[in-house]
Structures are given as C-alpha cells and as structure tokens.
Amino acid sequence: MLIAVFPGSFDPLTNGHLDIIERASVLFDKVIVAVGVNTTKTPLFTDEEKIALIEEAVGNLDNVEVSIVSGLTVDFMKEKKARYIVRGLRNSTDFEYERDIAAMNYRLDGVETVLLLARPENQNISSTVLKEVARFGGQVNKLVPANIAKALEERFRQ
Ligand code: ADP
C-alpha cells in the first residue's frame with residue numbers, strides 16, 4: 001500500500017493545497033494531510049480548527065485523512081507506515097526550500113519526496129497573502145474552499 005503524507009501549516013487551507021491533495025489522492029492509496037505545529041509563524045487558526053476545516057473541505061475524498069503532527073515528520077511517517085512525502089511547488093523559491101528539506105528527510109530515514117507543480121491558476125495563492133487580504137475585508141472566495149472563506153470572514157469580523 002502506497003501511503004503519502006502531505007505536511008504543512010495550512011493556516012488556512014487554500015485551493016492550491018486542495019488541488020495537491022486531490023492529485024496526490026489519485027497517485028497514492030492513502031494520503032494523510034499532516035497539520036504541523038509551526039514554531040516560526042503565529043497561526044490564525046488552532047490545530048483543532050485547521051483539522052475540522054480541512055476535513056470538511058476534503059470530505060468527498062475517501063482515501064484522505066487529516067492528522068496533527070507535533071514532532072519530526074519522519075517519526076510520524078514511521079508510525080503511519082508512510083514512505084512518501086508530498087509537497088507542492090509554486091516557484092523557484094519553493095523549489096530551493098523543498099530540495100533542502102527533501103535531502104534532509106532522505107538522509108534521516110530514506111524517505112522519498114514527491115513534488116507536484118502548482119497548477120498555473122494556483123501559482124500565486126499563498127495562505128500568508130490571502131490572510132492579509134481577508135483581514136482588511138477583501139474577497140478571497142475564489143482562492144479558498146467555501147468553508148474556509150466563511151471561517152476567515154468570521155475570524156476577522158471578531
Ligand atoms: P509550510 O509552512 O510547511 O510551507 P504551507 O501550508 O505554507 O506549509 O504549505 C504546505 C505545502 O503546500 C508546501 O509544499 C507548499 O509549497 C504547498 N503549497 C502552498 N501553497 C500552494 C499552492 N498555491 N499551490 C500548490 N502548492 C502549494
């Protein structure tokens with residue numbers, strides 16, 4: 001059984017992330033979306049909120065599950081018997097970063113990384129930028145799944 005983990009901050013999930021999840025779910029028998037505890041960014045949504053929002057957005061995909069990962073991704077993968085990491089690439093900056101992480105994960109545990117190119121329509125979507133747009137009342141409903149757009153609107157209305 002081919003099991004892949006798609007790790008990320010998902011703060012929040014965007015159409016770009018969702019597209020990677022959908023495409024990975026065709027390539028692998030099972031895809032685990034792993035919501036990471038990010039030590040460098042202050043998140044807008046809690047881990048529990050992210051999990052609930054992602055589960056709702058991927059509800060139609062039978063072979064996708066969502067989980068929290070607090071330690072090293074490779075340790076989480078051992079526990080889940082996953083041998084592949086999936087990540088998305090939008091541009092050369094993503095590539096430089098992913099190349100180093102992939103090399104480290106291979107060295108640590110022989111884990112293989114599969115990089116999927118962002119679709120052209122998603123190339124400029126970033127969680128960070130769309131949060132700024134939503135914060136000041138801009139429309140983000142073409143960039144994120146409907147439930148995420150609603151959650152963003154509610155969060156910034158408070
Ligand atoms: P991280 O903080 O781990 O980079 P992100 O949630 O920002 O977490 O991204 C998770 C993964 O999704 C990364 O591989 C990133 O390159 C990819 N990604 C982010 N936005 C997009 C997008 N618009 N299209 C395709 N992949 C994306």
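The values are calculated or read from the model by the stated rules, or taken from the named source; none is laboratory data. Keep in mind that this is a model prediction, so the values were computed, not measured. In this analysis, Cβ positions are derived from the backbone assuming ideal geometry, glycine residues included, and neighbour counts consider all displayed protein chains.
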Can you confirm whether the range 32-40 contains a residue that is modelled with pLDDT of 95 or more, away from the ligand (no atom under 13 Å from the Cβ) and more than 23 Å from PRO120 (Cα to Cα)? yes
When every residue in the range 110-121 that is within 11 Å of the ligand (Cβ to nearest atom) and outside any strand (DSSP E or B) is compared, the one nearest to the chain's Cα centre (by Cα) is ALA118
Of the conditions (1) charged (D, E, K, R); (2) farther than 24 Å from LYS30 by Cβ; (3) within 14 Å of the ligand (Cβ to nearest atom), the single one that GLU98 does not satisfy is (2)
Looking across the range 76-102 at residues that are touching a residue at least 12 places away in the same chain (Cβ under 8 Å), of a type in the set (Gly, Ala, Ser) and not in a loop (DSSP other than H, G, I, E, B), the single one that is surrounded by the fewest Cβ atoms within 10 Å (Cβ to Cβ) is ALA102
Taking the range 59-75 and keeping residues of a type in the set (Ser, Thr, Tyr), closer than 20 Å to ASP29 by Cβ and at pLDDT below 95 leaves THR73
Checked the range 32-84 for anything more than 28 Å from ARG155 (Cβ to Cβ) and touching an Asp or Glu at 6+ places or on another chain (Cβ under 7 Å); matches are ASN63, VAL74, ARG83, TYR84
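Residue-by-condition table, conditions (1) within 11 Å of the ligand (Cβ to nearest atom); (2) assigned to a helix (DSSP H, G or I):
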{"residue": "GLY16", "(1), (2)": "yes, yes"}
{"residue": "ARG23", "(1), (2)": "yes, yes"}
{"residue": "GLU49", "(1), (2)": "no, yes"}
{"residue": "ASN60", "(1), (2)": "no, no"}
{"residue": "ILE68", "(1), (2)": "no, no"}
{"residue": "VAL74", "(1), (2)": "no, yes"}
- request: Report yes if ARG107 is more than 19 Å from VAL35 (Cβ to Cβ), within 16 Å of the ligand (Cβ to nearest atom) and part of a helix (DSSP H, G or I), otherwise no.
  value: no
